[in-house]
Amino acid sequence: MEHVVKVLLANGPEALRTGLATFLEQQSDIEVVGTVLDPIELLFAVEDTQADVVVVTLPDTGEMPGICSHLLHEYPQLLIPALSSDRTRACIYRQAITVEPLPDISDEGILTALRRMKTGST
């Protein structure tokens, strides 16, 4: 059986939410599981609906909406597309897992890698 992607629509102008919902509901592999306007309710709705994707509105500043960091912390598997209200800008937020090779696996090399992680340097 094909996996159905569960999409939760959040905040943003009604016209954007309605237009997106209408389009998504026509797709056989996507299910719109709800619309939530309140950020606090959104945190609960993701768990209640078991959403795979949460669509949010991208602020005019272009910065990541604050709710995204909360959602990704609680639900690291989420994919969060953010669309500007005029649909001229978009991006996707997700919690990425990265793999970095560790070329020096000596005790000193491991110690150096741990210190880099602590300071956040690359």
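The values are calculated or read from the model by the stated rules, or taken from the named source; none is laboratory data. Predicted model only: the values in this text are computed from it and were never measured. Virtual Cβ from ideal backbone geometry, glycine too; neighbours counted across all protein chains shown. The protein model used for the area step is the full one, side chains on, heavy atoms only, and it has no ligands, DNA or RNA in it. Shrake-Rupley method; radii C 1.70, N 1.55, O 1.52, S 1.80 Å.
Thr61 satisfies every condition listed in (1) surrounded by 13 or more Cβ atoms within 10 Å (Cβ to Cβ); (2) modelled with pLDDT under 85; (3) within 23 Å of Ala96 (Cβ to Cβ) except (1). Gln50 - would you say it is touching a Lys or Arg at 6+ places or on another chain (Cβ under 7 Å) and open to solvent by 40 Å² or more (accessible area, probe 1.4 Å)? So Gln50 fits the description; yes. For Leu114, the conditions (1) aliphatic (A, V, I, L, M); (2) modelled with pLDDT of 85 or more; (3) more than 12 Å from the chain's Cα centre (by Cα) all hold with the exception of (2). In the condition set (1) in contact with a helix residue (DSSP H, G or I) (Cβ under 7 Å, 6 or more places away or on another chain); (2) within 30 Å of Arg116 (Cβ to Cβ), Leu9 is compliant with all but (2).
Of the residues making up the stretch 22-46, those that are among the small types (Gly, Ala, Ser) and surrounded by 16 or more Cβ atoms within 10 Å (Cβ to Cβ) number 2. From the list Val56, Val36, Val32, Val46, the one residue that fits, being closer than 26 Å to Glu14 by Cβ, among the aliphatic types (A, V, I, L, M), modelled with pLDDT of 85 or more and touching a Cys at 6+ places or on another chain (Cβ under 9 Å), is Val56. For the stretch 20-39, the condition of being touching a Gly at 6+ places or on another chain (Cβ under 7 Å) and not hydroxyl-bearing (Ser, Thr, Tyr) holds for none of the residues. If the condition is being aliphatic (A, V, I, L, M), farther than 21 Å from Thr18 by Cβ and touching a helix residue (DSSP H, G or I) at 6+ places or on another chain (Cβ under 7 Å), then the stretch 47-96 contributes Leu71, Leu78.
Tallying residues that are touching a residue at least 24 places away in the same chain (Cβ under 8 Å) and charged (D, E, K, R) within the stretch 54-80 yields 2.
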